[in-house]
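Shown next, in structure tokens, is the structure this report addresses.
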Amino acid sequence: MTLDEIMDSLKENEMLLADGLEAGLIGMCAVTGRAVYDSEKCIEALMKSCECYYGEAREFFEYNTLRSVAYFGDKAPIFVDLAEVPDAADSTAV
């Protein structure tokens with residue numbers, strides 16, 4: 001599914017989107033149909049739009065976005081912190 005198709009589906013199902021954080025949208029939850037955002041990409045988008053440093057953008061994101069999501073109910077977006085997965089070629093097997 002392309003991001004355009006995901007956006008169409010989210011809008012069709014009246015799911016809430018994170019205003020101004022479109023660059024952080026990475027998909028849609030297969031179970032709930034909610035928008036899924038990469039937190040780091042959202043912070044990077046805030047750094048560009050607000051012309052601020054990482055710490056300031058992170059604080060803004062946590063206070064103004066993450067804290068408010070709980071009040072929006074079943075249609076609220078989901079924000080995830082993606083794990084860094086090492087390359088299989090980089091790992092050493094013992």
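The values are calculated or read from the model by the stated rules, or taken from the named source; none is laboratory data. Just so it is clear, the model here is predicted, and its values are computed rather than measured. Heads up, the Cβs are rebuilt from the backbone with ideal geometry, glycines too, and the neighbour counts pull from every protein chain shown.
Some notes on this structure:
- Filter result for the condition that a residue is exposed (fewer than 14 other Cβ atoms within 10 Å of the Cβ), modelled with pLDDT of 95 or more and either basic (K, R) or over 16 Å from the mean Cα position of the chain (by Cα) (or both), over Y53, Y71: Y53
- All strands (runs of 3 or more DSSP E) inside region 12-82 with 1 or more residues being without any contact (Cβ under 8 Å) to a residue 24 or more places away in the chain and not hydroxyl-bearing (S, T, Y): 25-28
- Looking across region 51-76, the residues that are closer than 24 Å to N13 by Cα and out of contact with any Gly (no Cβ under 9 Å at 6 or more places or on another chain) come down to T65, L66, R67, S68, V69, A70, Y71, F72, G73, D74, A76.
- Out of D4, D38, one residue alone is surrounded by fewer than 16 Cβ atoms within 10 Å (Cβ to Cβ) and either modelled with pLDDT under 95 or over 12 Å from K75 (Cα atoms) (or both). It is D4.
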